[in-house]
Every structure is written in C-alpha cells, then in structure tokens.
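Participant: Right, I'll just put the structure down here and ask away after.
The values are calculated or read from the model by the stated rules, or taken from the named source; none is laboratory data. The model shown is predicted, which means the values in this text are computed figures rather than measured ones. Reconstructed Cβ throughout: ideal geometry from the backbone, glycine too, with neighbour counts over all protein chains shown. To get the accessible areas, we keep the full protein, side chains included, count just its heavy atoms, and leave off ligands, DNA and RNA. Shrake-Rupley method; radii C 1.70, N 1.55, O 1.52, S 1.80 Å.
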Amino acid sequence: MKPDEKQPVSRRDFFRDGLRGLAALGVATLSGLLMHRSVSRRTVWQIDPDKCVQCGRCATDCVLDVSAVKCVHAYDVCGYCELCGGYSKPDAHRLDTAAENQLCPSGAIRRQFIEDPYFEYTIDEAKCIGCGKCVKGCGSFGNGSLYLQVRHDRCLQCNDCAIARNCAGEAFRRVPADRPYLLKGEQGL
Amino acid sequence: MNTTESTMQKPFRSQWIHAAARGALAVSAAFSLVICVLLIANYFQIRALDPLDSPAMAVLYAQLEQNPDDAQLQEQIRALDLLARKAYFTSKWQIKTGGFLLLCGIVVFFASAKTMQEIEKKQPGPESLSGTSAFWKDVFRARQAIIFSGAGLIVLSISLAALTYSGLETGVTAKSGSAFPAQEEIMQQWPGFRGPGGNGHGLATGLPVSWDVNTGTHMLWKAAIPKPGMSSPVIWDDYVFVTGADKDGEQVYCYNAGTGEMRWQHEVRGITGSPPREQWPDVSAETGYAAPTAATDGQAVFALFGTGDLVGLDMNGGRLWAKNLGVPENHYGHSSSLIVYENLLIVQYDQNENSRLIAIQTASGQTAWEQRRGSISWSSPICVDINGRMELILTNSESVHSYDPRTGKLLWHSDCLYGEVAPSAAYADGLVFVANEYATASAIRVPHSSAEPEIVWEWDEYLPNTSSPLADSHVLILATADGFVNCLNAKTGEVYWEQEFRNGFYASPVLAENHVYLMDMGGVMHIFNMDSVYVSAGEPSVGEDVFSTPGMKNSRLYIRGESHLFCFGS
Amino acid sequence: MKKVTSLSGSKPKWAVLLTAVVMIFMAAQWAAAENRFPKPEFESAYQQPRTTTPDGRGHVFEILDMAVLVLMLILATVFAHRRRSRKALFVLTIVSLLYFGFWRRGCVCPVGSIQNMTLAVFNQSYAVPLTVIVFFSIPILFTLFFGRTFCASVCPLGAVQEFVLLRPATVPFRLSRILGILPVLYLGMAVLAAATGATFLICRFDPFVALFRRSGSFDILLLGLFFIILSTVIGRPYCRFLCPYGVILGWMSKLSRFRVSISPDICVQCRLCENACPYGAISKPVPDDPPESRRTGVRRLRALLIAAPLVIMLMGWSVSLMHPLISRMHYTVRLAEQIVKEETGSTDQTTLESRGFRASGNDPGILIKEAVQIRNRFRTGSWIAGIFFGIVIMGQVLGLSMVRHRNDYEADPQSCFGCGRCFESCPRQHMRKAEK
C-alpha cells in the first residue's frame, strides 16, 4: 500500500466517531435502565372516585368535543331509592321523570321501576357529558354509587391529559393498563 | 416570466390538469373559508349561550319555585328543555361534521396547489450575485444578533423576576404562627402522657404536698368516671380529658377543670374499618381497651383505643375525623400514648407484625408520613428539643430510635433494650435515658449529625417494668413494679439512694418545682425532692387504686383513680 | 398510661392470629355496611347489571406503532441516502401524516417523549411505557448514523408542514439564527417542567395534534390554524423555530456517520442548488477573503472564551431569579399561592381548585410547605436551565467566530431535514440518472 493512499483518520473525524459512540451508548443505557422499570407496566389515565370533587371540568376540559369521561353506576352500592339525589333536583316537587325535576342537564339517566319501593337508575352513555352533577347529588344525599370514570373506548390517552392538568381534586392518575378502571363496589375489589 | 414560459412548454394534458387544479383550488378555498367562519361562529354562539345552562331556563325555574303546580309552566319548561338538548346535540354534530368538512377542504386546497406547483415548476437557478462581502457581513450580523438576544434574555429574566410577587414564604410563617400553639403555650399545659413533650416535666407551681380525701382538705373536687381505663388525664386550660372503655364501648370524657362537672362525653362508634364487638381483640385486664393516653393541642383532642379506633374531637366533643388504624396485634393490648407535635399527631403503633410510626395531620386526620418499625412495645414517644433539633424518641423491645418529627426520617438508634418494653425514654442535658426490667438502664449521649450514639453508662439492678424514668441534669429516678425507687447520678450511673415502698409502681414519676410526684398502685402519692439525698415531702393517699400518671397545671394536680378523677390544689 | 408486661404468663397468640384473619374477612362487610341506604333485597327476579368497562386501544396496536416507526425510518433512510428520491420521500411523508397523524392521532410522539423520559429519570415511581422509550431513542439512534431522516418523512408534525408549504420565503440568516435559540429555550423549560413533575409543556402547546384529532380547545385549534397558514410561506416554522426534539436531533445529526448530501458524488459549484432549500440548510462555500486579519479573529476568540464562563453563570443566575414565576407551572404551587392569598385575606375570591382543596380537608400548612419544597426544586432546576441556555448561546457565538474552510455547497447536517428538494436541482444527480 502506498503511503499517500493511507487516509489518516482526521482529528475531527476521530472526535466525531468517539462522540457518536458515547451518544449512542448514552441513549441505549438510559433506555435500558428505564426499560427495566417499564416492561409490562403500561399505564392509562383514570379518575380516583374517592378524590373527585365534581368540579365539572371533565365535561369542559377534555380535548374531545364530548368528554371521554362519563358517569358510571356501581349497582351493588346503589340503594335503589325512590328519592335519588343523583336523579332528581334537590328542590324537585315530584319524584317523576318530568324534565323540570331531573338533575341531569342532558337527560342521560334512565329511571326504571323494579319493585316496590325500588327504582333502578341507568346511565345512557351516548347522552352523558360527564358534568358530574349527578355524582355530586348522589354523593351528598345517597350512597355515592354514581361516579365518574374515564371511558377507555373514547379516551385518546393524551400524554398530557388536559383534564388531569386542571383537575381541582387532583383525582386523575395513571393506572396500570391491565386494570384500567377504579371501580366502586364489589367490581372494584 | 419564467413561469409562463415553462407552462407554455408543457403538453396539453398538463395544461388541462393545471386548469382543473386551479378550479379545485378556488372552490376548496372558498368552501374551507365558509366552513371555518361557520365553525368559529358556532364556537362563539355556544360560548355566549350554553344551551344546557340558559338564563331563560333559570327564569322559568324561578317562576316554578313560586307556583310549583302550574301545569302550563311545567309544559313550557319541558318544551324548552327538549329544545335546549336538541340544540346542544345539534351543535356537537355541527362541530364534528364541520371539522371533517374543513379538513377535507384544506386537503383538497393544498393538494391542488401542490399539483399546480408541480406543473409550474421552475428550473433551479442561483441566487442573484451577492459577492463574498455579503457572506462575512451575514456572519458578523448573526453573531451580533445572538449576543444581543442573549443579553435580552438576561434583561428579560431579571425584569420578569422583579415584577413577580412571590407570596409563599410570608404565607408559611403566617400559617405556622396560627395553625398550632407556640412552644411556650404548650409548656404551660399538660397536653399528653407525662406532660409537654412526654418528658415528665411540668411548669406547675404551688402544688399541694398533702391532702385528705375524707375531710376534703386540699381536695377541690372528685368526679366519677363512667368507664375504666389505664389512661392518664390530660389538661388544656379549663378542659380535662380522660378516656374509658370496656367491652361495651369506647368513650372520651371532658371535665371542667374548675368544678369537676363533666362537660361532655363522646361515644366512639361508626368508624369505617372498626371491628364489630364480637371481634374485638383479647386484652389483659391490666391493659384494657383504654390504655393509651389522649393528647390535645388546645384546638382538638385525640384519643386512641385498643381496637385501633382513633378519633379527633373538637373542644366541644364534636368529631373532626375518625379512622381505624387496623386492629393491633398485641397480646396484652395496645398501650402506647399519643403525642402532638406542631400540626402532627404522632402514633407509635408497635405490634407483633406490621409495626408503624404514623404522623397524622391534626386538622384532617390524613397521614402525613409513616415509618415502618420493628418489634413490639408498650411504651410512648417523647418529643424533645436536643441542641436545637426536635427529636422524637421511641423505645421498643430491642432499641431506642430517634426520628425527625416533621418528616419521620430516622436520625439515630441504639440497640440497648431487651424484653417487653413498656417504659418510655427520658431526656435531660444531652443524655437520653432508657430502662427496662431484665435489660439495663442506659444513658445515651445523643449524637451530633451523623455520629453514632454513645452509651455513657449502664446499670442493671432495680429496673422498671412499666414506669418510665424521670431525669434532670443531675439525677435519674427509676421506680420498679415491686416497690423500689432508686436515684442515680445522671452523669455516671452511681446510686445516690434507694427506697423500698409497700406498693409497686406502674405510674411514671413527674416533676414540678423540684418535687417528684410518684403514685404507687395502692393510691399513695410519694412526694420527694429531686435530689441526691432522699427527703420526703409527703405521702397523701387518694383511697383507691391508681395505675395512671398524674397530670398538673398551674397549682392543681389531677389524678385518675380506678373509678374517680381527683383534683387537688391549695 | 401504658401497661403491663410479664404478669400474665400465657400469650394467646393463636387468638390474636385468628382475630386478624377474621378481621380481614369482616372489613369488607363492615365497609359495605357503611352505606346510608342499605342494599335492597329484591323479591323479584331482578338481576343487578354490572358496570361496563370498555377496553382501550389494544396492546397489539402499540407493537404495530413501533414496527411502523422502525419500518418508516428505514424507508426514509433508504430514500434519502440511496434512492435519493424526493418523490418517494414525499409519499412517505403523506403515509406518516395518515398513520401517525390522522389514524393514530398523536400521542405518544417522539417530541413529547422527551418529557416522559425526563419524568422517569427524576421520579422513580413513574413507569415509562416501552412505546415511549422506543419512540424516544430509535429516531435518535437513526439520526446518529444517518442524519435527520426522521424529520424528513416520519414525524407527523413535520409532515403537516411539509404538505402545506407552497411559496417558501427566505428567512434572513440573522433572523433564523435568533429564532433558532427558541427551541433551546423551549427544550430547557419543557425538561424543567417535566423533571419537577409540573406539566408536559410540549404536549400542552402542540399546535398540530388538535388538528389530527379534529377536536381540542379553541385556542389550540386556532394556534394550529395559524401554524398551517404560516407554514405555507415559511418552511417548517415549528421544526425550525420551536421543536425541542429537533434540538436533540440536530446535535446528534452533527455527529452522524452518513450525511444527506446535495450531490450524489462531487460538487461542481454550479450554484443551481442555492435556491433549492426552503429551510436555509444549504451552506455556501466560505470565501477566501476574510475581511479581517487572522490576529483580530484569534484575539476576539480569546476574549469570548474568557467571557464565556461569566456569561454562562450570569445566565444561570438570571434565569434562577425567575424561579417563583416558573414554578407556577406546578399545580401545587399555584394552589398554595391561592390558599395563601385567601388565608391572608388579600383576596375574597375562591377558585374551583381552592374549594376542592378545602373540601378534601387537607392542612394548608402542609400544602404550603410542599409548595415551598417544589419551588426550591425549581430554583435548582432553573439554575441548571439557565446555565444550559448560556452554554448553547455562547457555543453559537463561538461557532460563528470560528469559520472553517469549506469549498463546496453542503447540506448543514444540523438543520438539514433530508427532504430531498435539493437532489433535483443538482446536475450531477441528473447525470447519474442518465448514466443508469
């Protein structure tokens, strides 16, 4: 080999190679270390019903036009009362299904007679806007069987959840994806 | 010019596509603009008047409130409600559909614009000649610009910082000044087991050294306590608190310190997680369910029972919060007393498994911090200022531990105990004293910062079974369950004197004005000087068995007997 | 008073154990019995429905996302380095826009993943998902070897801007350098916010993700529209003047092993590419006639090197002064400030947050202590951020004071996105094609 063909590695190239190696090593090490902690622990957003203060921001702050948060019902916690603080307005004159006596602004709660004196309450999710008015009513006067949950068929799992950012009760948290709901009653055990 | 030329050269097909793209461009631009305007209008309309929260509805509701049975009004509301909900869901549909159409419009717009551009594509060409001086000028100006923006950034930061008012620091001092009583205030009271800080020292003056319960000499009052308990009285201003419990229930009592009449009693029940009666833990008769002494900070009183029930009550007996800490796994029954530090209630919850030290916010009952602990104990925490550092000192069946009361951080520990430890620690003048039957009495020099604690001396003759030591800078008093009282030199462990009495001691000695008050199990109060020679000042009796430690405030002494609460004073 | 030891000899431990076992069993019933209205006992055959729990996006899709990311990176690299085809790169851009943008709808993207990684480093209890790690590190590793091919046609944010660029105006060199500082500031602040657990700034002000979702807050949608319109006349304004991930990729790209080049082989200095780059990433040859003597240059460099540590510390200090302001990014600090205002009586207006806090019954004193601790963390953090800004700014000044010799037209590795526009304007490319 002729001496003039021997391309000596220039100082700058050598420097660059070294730095590149370091950077790659750094990124790989960081990833490896964090991966050690991450595997099989994917997380999703959820509301802790015990912390929720029903501030109403779930309805307004979600990036979706109709919030991913909806009201759900823990039937085994419900008292099936005729006078339901979550269904009727506190100043309602009659305990019927008339619009002027209903608490839900979008009429999303269905009330159905089961047997004397019990009534079943069901949430129509297509209509629910997640405002939490019924949750407040049920929590103040009843067993607290109505509560808000992030519905994962709707939630986009934003990296920075817009509701969590403004949640007045700091009730949003990331939960493991294999148990994505924080349920009340027996289903929550 | 260049553009037209190149377009001219294109074949007919390109020209046709170009024209179509131009048409699509114009149409999609107009379409997108219209949709965009509509969407923005929709947004402002909804913002100005939320259909689900309209003022018209509020007016109708107000009217309905006046005439609840007005059928016409009801119909009106129902109609408006239906309308409002329709309007709401329609607007949602509009936003969804509008957004989709807008997106389509924009995509078509840019796609046609791109197509036109592709057809009109210019030949690449150099920039107009600018000469080499422009290159250098660019570099110089860029450098200058960066220097200026860096300087601008600094100026901006400083001015923003100057304009920002930070209100947090002042808030903290204002808060800590009012949220809990000052140290001087606490020293005047008897806020928990063995007084302020749990160290056995009180600031009471002029306490009586003699009385007679039969003639009433120096006895101000005597009141019955409904339920039994091993817990001691605690006093804040005019309020005296004791707790009592048996298999039928747990109670907190509040007496008027002036008259002895009961202000209120609180039945502890209905706590989530509290075990039902038939599941109460077995406890020995000598412990009972009300062994832990209550604690108070003048705003609330806190009481813990053998079932793990913990309540916070206001000074009128109203419940602030309550919780069950989990039934203690304790073969005699839980007996560690509570202590309040600033805004934290400290609970020593040592048991056979899962021992914990818990700090609970006095206002809310929420846990502020928690520390795992090891073996079981029956002793109580003391909280003392050691060279300017507040330390929370606990004993258990192996060791003495010191924690930072604010954070729960372990400061130091020393493994110098053994057996079933019930005596708490005592502190005086840089030395912590611990003792237990079958172990030794040890004086430990409290380490500075990171150093190891040093055992200054040890003594293993007459050791307490339950009664805690009492120390000042000169002497240490130890009282045993079989009636021996020893006085040791606090610095060396040398025995100054020894006395034997007929009854044993469970109660702990307390100090006021250089007089030690030590109650024996038979109800006789041994009052003697805290000194290297034994000088008795009196041995009055209350006439019933006593297992608890006396409380004191101002010139009054409060003693909880088997069934009565006594108040003595001159 | 506390009690009693060795007097009662036998210790009925089994009883204690039994009690504990029964207790655990009882606890559930006891808790249930706490309800105000007891659960009814139905006489009819009524069956209680169960609460529905619809599942989210399956785990399979995450694996698909990662696979698509890697595949697209490989394709982009091949198209930019081997095929040298602008058309192929553009098609890939559209695919990315459709897949990562409109189908997957945003999160997590590599730009935002910086924050998750930071949070995971500073908060031991935060488990960062595998997807995030992959989305963060794979593009960096690719860039280390092949330049910013990720930006070329994999990033959906870049893809939007690439798609809407119509008539690029040239941003003056000076202005582009000043605006080039913005991403560094943004990166510093975003890392600070994530490290202190305050917020994810990058996601919060992402102008394009709301467009992908076709839903979002009005302000952000408007911001998106603004950026779209701006992007028609200024090439990739977000990528060049805001993107924090671009800062990292830019530095990595400086070290890259293979670089995207204008010419497939040699530069003939025909100057035809001078106007080709809408992103100002083509470096012209350095003229041989510096307007000042070498000595002046060296003297200036020496002065700058001496001043550098001072400037850097000054920057750190001045940014650290701002920490009370910056710390308001954190919810707890904002809440504590509001509570202090209420407690000291300087406002009678309560907020939703302060009412929520009061309802929780927590101690304001503890909240304020916590807020002070967080603020102290911000003080340290803003010192570091300030020093970082200082280093970057001084680095740029020094870089502009040491002009290296360059004969040819070259793509500046730091700012080249590898979009491939310049390939077409190079006569050598056409010659090569013709040869084939």
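Participant: Calculate one ³J(HN,Hα) per residue across the range C:234-239 by plugging θ = phi - 60° into the Karplus curve 6.51 cos²θ - 1.76 cosθ + 1.60, and present them in order as whole Hz with x for glycine and proline.
Facilitator: 10, x, 6, x, 5, 4
Participant: How much length, in nm to one decimal, is gained on full extension between C:Ser360 and C:Arg271, taken as 0.36 nm per residue of separation minus their Cα-Cα distance? Can you show the working numbers first?
Facilitator: Numbers: separation 89, 0.36 × 89 = 32.04 nm, distance 6.93 nm.
Full extension from C:Ser360 to C:Arg271 adds 25.1 nm.
Participant: Measuring from centroid to centroid over Cα atoms, what is the spacing of the range B:490-565 and the range C:322-375 in Å?
Facilitator: So the two Cα centres are separated by 49 Å.
Participant: How far, in degrees from 0 to 90, does helix A:11-38 lean away from the longest principal axis of the Cα atoms of chain A, to the nearest 10?
Facilitator: So the inclination is approximately 30 degrees.
Participant: What are the extents of the Cα atoms of chain B along their three principal axes, listed from largest to smallest and rounded to whole Å?
Facilitator: Computed over chain B, the largest-to-smallest principal extents equal 125, 84, 43 Å.
Participant: Then there's this: Tell me what the protein assembly as shown gives for mean residue ellipticity at 222 nm when only DSSP H runs of n ≥ 4 count, each as -39,500 (n - 2.57), the sum divided by the residue total, rounded to 500 deg cm²/dmol.
Facilitator: Working: 32 runs with 470 residues, N = 1195.
Rounded to the nearest 500, it is -13000 deg cm²/dmol.
Participant: Let me ask another. Give the relative contact order (percent, whole number) for chain B; include only Cα pairs under 8 Å separated by 6+ residues.
Facilitator: In percent, rounded to a whole number, it is 11.
Participant: List the residues whose amide H sits under 5 Å from the amide H of B:Leu220, counting only those 5 or more places along or on another chain, with H placed 1.01 Å from N in the peptide plane.
Facilitator: Those qualifying (amide H under 5 Å, at least 5 residues apart or on another chain) are B:Cys567, B:Phe568, B:Gly569.
Participant: Also, I was wondering about something else. Once you place label points 7 Å from the Cα toward the Cβ at A:Ala28 and B:Ala162, how far apart are they in nm?
Facilitator: For the pair A:Ala28/B:Ala162, the computed spacing is 5.2 nm.
Participant: How far apart, in nm, are the 7 Å Cα→Cβ label points at B:Thr217 and A:Lys51?
Facilitator: Between B:Thr217 and A:Lys51, the label points sit 6.6 nm apart.
Participant: Then there's this: To the nearest whole number, what is the average tally of beta carbon atoms from other chains within 10 Å of the beta carbons of peptide C:122-133?
Facilitator: Across C:122-133, the average partner-chain Cβ count within 10 Å equals 5.
Participant: What is the interface area between chains B and C, defined as buried accessible area summed over both chains with a 1.4 Å probe, reported in Å² to the nearest 100?
Facilitator: 8100
Participant: Just counting partner chain Cβ atoms within 10 Å, what average do the residues of peptide C:200-209 show around their Cβ?
Facilitator: For this peptide, the per-residue mean of nearby foreign Cβ atoms is 3.
Participant: Taking every residue in A:115-124, how many Cβ atoms of other protein chains lie within 10 Å of its Cβ, on average?
Facilitator: 2
Participant: Relative contact order (percent) for chain C, with alpha-carbon contacts under 8 angstrom and 6 or more residues of separation? Don't skip to the end; give the middle numbers.
Facilitator: On the way: 508 pairs, mean separation 93.1, N = 436.
Relative contact order here is 21 percent.
Participant: Could you give the semi-axes, largest first, of the ellipsoid that matches chain C, computed as the square roots of 5 times the alpha carbon gyration tensor eigenvalues and rounded to whole Å?
Facilitator: Each semi-axis is the square root of five times an eigenvalue, giving 54, 31, 22 Å.
Participant: Compactness ratio of the range A:42-176: Cα Rg over 2.2 N^0.38 Å, N = residue count?
Facilitator: With N residues counted in the range A:42-176, Rg over 2.2 N^0.38 Å equals 1.06.
Participant: Rounded to the nearest Å, what's the spacing between the alpha carbon centres of the range B:253-326 and the range C:256-275? Just the number, please.
Facilitator: One Cα centre to the other: 84 Å.
Participant: Does anyone have the angle between helix B:71-120 and the longest principal axis of chain B? Alpha-carbon axes, 0 to 90°, nearest 10?
Facilitator: That helix lies at roughly 60 degrees to the long axis.
Participant: Using only Cα atoms and rounding to the nearest 10 degrees, what angle (0 to 90) does helix B:131-163 make with the longest principal axis of chain B?
Facilitator: 40
Participant: Next question, about the same structure. Please calculate how many Å² of accessible area chain A carries per residue, with a 1.4 Å probe and no DNA, RNA or ligand atoms counted.
Facilitator: It amounts to 49 Å² per residue over chain A.
Participant: Could you compute the FRET efficiency for C:Phe226 and A:Asp17, with r as their C-beta to C-beta distance and R0 at 35 Å, rounded to 0.05?
Facilitator: 0.25
Participant: R0 = 56 Å: FRET efficiency of B:Lys137 with B:Tyr43, Cβ-based, nearest 0.05?
Facilitator: With R0 = 56 Å, the Cβ-Cβ based efficiency is 0.70.
Participant: Also, I was wondering about something else. What FRET efficiency would be calculated for the residue pair B:Glu370, B:Arg277, taking the C-beta separation as r and a Förster radius of 35 Å, to the nearest 0.05?
Facilitator: 0.75
Participant: If you count, for each residue, the other Cβ atoms within 10 Å and average over each peptide, how do C:171-184, C:134-147, C:111-124, B:144-157 line up from highest to lowest?
Facilitator: Those peptides, ordered most packed to least, come out C:134-147, C:111-124, C:171-184, B:144-157.
Participant: If packing is taken as the mean number of other Cβ atoms within 10 Å per residue, what is the order of A:57-64, C:219-226, highest first?
Facilitator: A:57-64, C:219-226
Participant: If you don't mind, there's one more thing I want to ask. Over the Cα atoms, compute the radius of gyration (one decimal) and Dmax (the largest Cα-Cα distance, rounded to a whole number) for the protein assembly as shown, in Å.
Facilitator: Answer for the protein assembly as shown, Rg first and Dmax second: 38.7, 130 Å.
Participant: In what sequence, highest mean first, do A:122-132, B:421-431, B:115-125 appear when ranked by Cβ atoms within 10 angstrom?
Facilitator: Ranked by mean Cβ neighbours within 10 Å, highest first: B:421-431, A:122-132, B:115-125.
Participant: Once the other residues with Cβ under 10 Å from the Cβ of B:Gly99 are scored (Lys, Arg +1; Asp, Glu -1), what is the net sum? Kindly include the intermediate steps, with their values, before the conclusion.
Facilitator: On the way: positive: B:Lys96, C:Arg213, C:Arg214; negative: A:Asp65.
Cβ neighbours under 10 Å give a net charge of +2.
Participant: I want to check the label-to-label distance for C:Gln47 and B:Gln265. Put each point 7 Å from Cα in the C-beta direction and report it in nm to one decimal.
Facilitator: 5.3
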